[in-house]
Amino acid sequence: MAEKNTSPQEPAKASNPLRIVIIGTLLAIALIWGGSKVYHSLLYVETDNAQIEGDIYPVISRVPGKVAEVLASDNQPVNKGDTLILLDATDYEVRRDIAAAELLSAQAEVKAVTEQAHAAQASASAAEATSRKQQADLARNNNLRQQEVISQAEFDAVKAGAQAASAQYASAGNNYQAALAEIPLKMAEIKKCEAKLREAELQLSYTSITAPASGQVSKKNVQTGQYVSPGQQLIALVGSKDLWIVANFKETQLEKIIVGEPVIIKVDAYPGKEFKGKVESLSSGTGAKFAMLPPDNASGNFIKVTQRIPVKILFTEKPDKHHPLAAGMNVTVEVKAK
C-alpha cells in the first residue's frame, strides 16, 4: 500500500522545474520590458495631447450674388487659381457696360470742350487782330483830327469802332480762358469714369471665385442657386504642402525639450508606423492664456493646475502615399530629452 501512495507524487515533482522555468522566463521578460520602458522614459519626453495641424484657407465671396455653378467637390485636390464657384454675373456685366458708356460720354465731352477752346482761341486771335487795326486807325485819325482834316463825327465813329473791337477782343479772351478752365474738370470726370469702370470690372471678376492656394477641398458649404453675401465662407481648403504638429506638453516637461531635438511621431490612424520630426519652436504662452476666458489667479481661491505649453513639431520626412495625413489627426510624440 505504501508503494501505491508514492507513485502519483512523482509527476508533480517532475513538473516543478518546468513551472519555475516558465515563471522565471516571464519575470525576465517583464523585467526587460519594464527596464526598456524606464530607460526610454529617461531618454524621451512623451505626450499624447497632440494633433496634426495645417494651413486652412477660407474661400469667401467678395460680392453678393446668386451661385450659378459649383465646380468643386468634396475632398477634391485643387491648385492655386482654379475656379471653384461661379456667381450669376448678369447684373455686374450691366454695371460694367454702363460704366464703359459713361467713360465714352466723358471722353466725348472732353473732345467737345477742347474743340470749343480751339474755336475760342481762333476767335480771340481774330478779335485781337481787329482790335489792333482799329487802334491803329484810331491813332491815325487822331492826328488827322488834330490837323482838322476829318470831322469830329468821323473821328468819333473810328473811336467807337476801336472801343468795340477792344471789347470784342476782351470777350473772346474770356471765352477762351473759360473753355481752357473747363478742360481739367472734364479730364477729372474721365478719371472718375475710368475708376468706376475698373471697379465694375473688378466686381465682375469677383463673380468667378478661385482657390487662394493649392490644397484639398475639406468643407463645402455652398450649393447652386444659393444666395451668398460678401465675407461668407463657402469652402475651406486645407493646404496640401505643409503639415505640422502642435503638442501640448506639461510645463514640468519643458526642461528636457530644446529646439532642434529629434521627435518620434506615432499617428493613431496607423498603429505601428513611426514618423520622424524635430522640435521647431515653443510657444511663449500657455494654452489657457489664449483661451476666450483666461484664468485670473488674483481672484477667488487659487488652485494650482499644471499648465500645457504648445510645442510646434515639423515632419523631417514626407509621408508616403500609403499613409496620408490630415489636419486634426491625433498623434503621440516622443521628444528626445536633452
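Bear in mind these aren't lab numbers, they're just calculated from the coordinates by the rules spelled out. Predicted model only: the values in this text are computed from it and were never measured. Cβ: placed from backbone, ideal geometry, glycine included. Neighbour counts: every protein chain shown.
Between Phe302 and Asn49, 0.36 nm times their residue separation minus their Cα-Cα distance comes to what? Please list the in-between numbers first.
Details: separation 253, 0.36 × 253 = 91.08 nm, distance 2.50 nm.
So the chain would gain 88.6 nm between Phe302 and Asn49.
For the residues Tyr44, Tyr92, what sequence is obtained by ranking on other C-beta atoms within 10 Å, fewest first?
Values: Tyr44 17, Tyr92 20.
Least crowded to most crowded, the residues run Tyr44, Tyr92.
Can you give me the long-range amide H partners of Tyr44? Hydrogens built in the peptide plane at 1.01 Å from N, cutoff under 5 Å, separation of 5 or more residues or another chain.
Correct list: Ala337.
Label-point separation (nm) for Arg198 and Thr114, each offset 7 Å from Cα along Cα-to-Cβ?
The two pseudo-label positions are separated by 2.1 nm.
In nm, what is the difference between 0.36 nm times the number of residues separating Ile264 and Lys321 and their Cα-Cα distance? If you can, show how the numbers build up before the last one.
On the way: separation 57, 0.36 × 57 = 20.52 nm, distance 1.94 nm.
Full extension of this stretch gives 18.6 nm more.
Can you give me the long-range amide H partners of Ser214? Hydrogens built in the peptide plane at 1.01 Å from N, cutoff under 5 Å, separation of 5 or more residues or another chain.
Here the answer is Lys80, since their amide H atoms fall under 5 Å of that of Ser214.
With each pseudo-label sitting 7 Å past Cα toward Cβ, what's the Gln223-Leu185 distance in nm, one decimal?
5.6
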